[in-house]
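The values are calculated or read from the model by the stated rules, or taken from the named source; none is laboratory data. As the structure is a computational prediction, the values presented were derived from the model and not from experiment. Methodologically, a virtual Cβ is constructed for each residue, glycine included, from the backbone with ideal geometry; neighbour enumeration extends over all protein chains shown. Areas reflect the complete protein model, heavy atoms only, side chains present, ligands, DNA and RNA absent. Shrake-Rupley method; radii C 1.70, N 1.55, O 1.52, S 1.80 Å.
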Amino acid sequence: MNLFRSLAPMGLALALLLPAAAPALAQQGPLRIQITEGVIEPLPFAVPNFVAETSGASQLAQDMARVIAADLSGTGLFREIPASAHISRVTSFDAPIAYNDWKAINAQALITGSVSASGDRVVVKFRLHDVFSDQPLGEGLQFAGSASGWRRMAHKVADVAYSRITGEGGYFDSRVVFVSETGPKNARAKRLAVMDYDGANVQYLTDSSSIVLAPRFSPTGDRILFTSYSTGFPRIYLMDVGSLATRSLAEQPGTMTFAPRFAPDGRTVAFSLEQGGNTDIYTLDTASGTRRQLTNSPSIETAPSYSPDGSQIVFESDRSGGQQLYIMPAGGGEPRRISNGAGRYGTPVWSPRGDLIAFTKQHQGRFHIGVMRTDGSEERLLTASFLDEGPTWAPNGRVLMFTREGAGAGGQPALYSVDISGRNLKKVPLSVPASDPAWSPLLP
């Protein structure tokens, strides 16, 4: 726990010491990836080991370059040219770039950098180069932070490179809260944990004394909602990320509460409340405690998720006889059904871009992660397996993470990610079984 608390304020220690390039700079020159639904030939790039500008910074310089390369390669949009193919060697951050040497190995993008370390303070400088234009792509940048935050600085470098080349927002400097699981399938111990988006730096937020489910970050990433069975019945709780202080929400005798999610204002929470055998969607003002009922139906209404502007809520309901997806105004009102395909739909989540809704679909004995437009059109299934469920969006709305579980008593849950075209399906490297991921916003 202490480790997580020590990392919470790290964003304040990270400084952007040189001005970032204006967004228009991402358009300059021929170096640009247009992200479409078609097959993309990965853009070849090179990241030589960063230059160590102080004694003791050599390992950090190598490690940062490797994390940056892994971030970009992991998107499926970039292909790293290995160091063994490099002709030039970068020995000084300010030395002229031999662009012809990088053209000779077909590198289109080049990232150079340096690292200096003094005590607990680390400074990283970098430049992104458009090789075939013989010039940097945007201004050089510098980040500073504590030595323990070196991975975050590397993720920030990769985010800048990704954004300048694609024109899209990055997502590498983010975290994912999830449920860590141990034990047999019929008696699993569950606890909340948080990790970097790539599975590194796992830290535990709760013990395994009670079942926990469905953690969700606040829009600012400083709080986490989750469902706990610590009382023997499901109840929603709110945790402060910095202190790990936790309090229950929406307590009412004779009820069960679950499936919470923040509104974009960070103050309102939508959730499901079961009472007398009926489940409806409510909202709660976390500051005043004011509760409001949004649905009133004999069916099961659950899994609410807000649109990015906070004006609408998508949710799942069996009011038509089977699990389907509906959208209603954020203040309640008549819902409209948006799912129309065969099968059952659940766990809808609105994209941070506002253009798509991700969901879980069960059809003909298989589970799928899919996306559709907010009017229900252009449904696309991205995955298929024995059990895929519970998608969560990356901060840029281009990648989804979800839970996949194998069949049988030995089947263990694991986290996977896939982009919204259905390409680049990959397992998140974790040493423990995991489920219920929820992506944070980009860290400050």
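So if I check each of R89, R66, which one is surrounded by fewer than 17 Cβ atoms within 10 Å (Cβ to Cβ) and in a helix (DSSP H, G or I)?
On inspection, the qualifying residue turns out to be R66.
If you scan the stretch 391-422, which residues turn out to be surrounded by 22 or more Cβ atoms within 10 Å (Cβ to Cβ) and small (G, A, S)?
Of everything in the stretch 391-422, those that are surrounded by 22 or more Cβ atoms within 10 Å (Cβ to Cβ) and small (G, A, S) turn out to be A394, S417.
Considering every residue within the stretch 335-347, establish whether at least one is within 20 Å of T227 (Cβ to Cβ), modelled with pLDDT of 95 or more and within 28 Å of the chain's Cα centre (by Cα).
yes
Looking only at the stretch 131-144, which residues are on the phi > 0 side of the Ramachandran plot and crowded, with 18+ Cβ neighbours inside 10 Å?
G138
Looking at the stretch 290-313 only, could you name the residues that are under 28 Å from the mean Cα position of the chain (by Cα) and outside any loop (DSSP other than H, G, I, E, B)?
Result: E301, T302, A303, P304, S305, Y306, Q312, I313.
Enumerate the pairs (first residue in the stretch 361-385 and touching a residue at least 60 places away in the same chain (Cβ under 8 Å); second residue anywhere and surrounded by fewer than 17 Cβ atoms within 10 Å (Cβ to Cβ) and among the acidic types (D, E)) with beta-carbon separation below 8 Å, excluding pairs fewer than 6 apart on the same chain, so at least 6 apart or on different chains.
T374/D355
Based on what the data block shows, is T231 open to solvent by 60 Å² or more (accessible area, probe 1.4 Å), under 20 Å from the mean Cα position of the chain (by Cα) and on the phi < 0 side of the Ramachandran plot?
When the stated conditions are applied, T231 does not pass them.
Residue check: is G113 open to solvent by 30 Å² or more (accessible area, probe 1.4 Å) and under 28 Å from D419 (Cβ atoms)?
No; evaluated as a whole, the condition is false for this residue.
Which numbered condition trips up R151, out of (1) part of a helix (DSSP H, G or I); (2) surrounded by 22 or more Cβ atoms within 10 Å (Cβ to Cβ); (3) under 27 Å from the mean Cα position of the chain (by Cα)?
Tallying (1) part of a helix (DSSP H, G or I); (2) surrounded by 22 or more Cβ atoms within 10 Å (Cβ to Cβ); (3) under 27 Å from the mean Cα position of the chain (by Cα), R151 fails exactly one: (2).
Considering only residues of the stretch 165-224 that are of a type in the set (F, W, Y) and closer than 24 Å to E389 by Cβ, which is surrounded by the fewest Cβ atoms within 10 Å (Cβ to Cβ)?
If we take residues in the stretch 165-224 being of a type in the set (F, W, Y) and closer than 24 Å to E389 by Cβ, then Y204 is surrounded by the fewest Cβ atoms within 10 Å (Cβ to Cβ).
Can you report the number of residues in the stretch 235-275 which are outside any strand (DSSP E or B) and free of Cβ contacts under 8 Å to residues at least 40 places away in the same chain?
So the count comes out to 7.
Somewhere in the stretch 276-289, is a residue part of a strand (DSSP E or B), open to solvent by 50 Å² or more (accessible area, probe 1.4 Å) and assigned by TED's automatic domain parsing to the domain that holds R319?
no
Could you say whether any residue in the stretch 69-82 is in a helix (DSSP H, G or I) and more than 23 Å from K427 (Cβ to Cβ)?
Within the stretch 69-82, not a single residue is in a helix (DSSP H, G or I) and more than 23 Å from K427 (Cβ to Cβ).
Given A193, A187, which one is modelled with pLDDT under 95 and either among the β-branched types (V, I, T) or under 30 Å from G408 (Cα atoms) (or both)?
A187
All but one of (1) assigned to a loop (DSSP other than H, G, I, E, B); (2) within 17 Å of the chain's Cα centre (by Cα); (3) farther than 14 Å from A358 by Cα hold for G422; state the number of the condition that does not hold.
In the conditions (1) assigned to a loop (DSSP other than H, G, I, E, B); (2) within 17 Å of the chain's Cα centre (by Cα); (3) farther than 14 Å from A358 by Cα, G422 misses (3) alone.
With respect to G354, is the statement that it is at pLDDT 95 or above and either assigned by TED's automatic domain parsing to the domain that holds G390 or acidic (D, E) (or both) true?
yes
Kindly indicate the residue of the stretch 302-330 that is of a type outside the set (S, T, N, Q) and either touching a His at 6+ places or on another chain (Cβ under 7 Å) or modelled with pLDDT under 95 (or both) and also most open to solvent (accessible area, probe 1.4 Å) among those meeting that condition.
Filtering first and then ranking leaves R319.
Filter the stretch 367-390 down to residues that are hydrophobic (A, V, I, L, M, F, W, C) and crowded, with 22+ Cβ neighbours inside 10 Å and give me whichever is nearest to D436 (Cα to Cα).
I369
For the stretch 326-334, indicate whether the set of residues that are closer than 25 Å to S435 by Cα and touching a residue at least 40 places away in the same chain (Cβ under 8 Å) is non-empty.
no
Please determine whether any residue of the stretch 223-242 is in contact with a helix residue (DSSP H, G or I) (Cβ under 7 Å, 6 or more places away or on another chain) and in the same structural domain as A342 (by TED's automatic domain parsing).
yes
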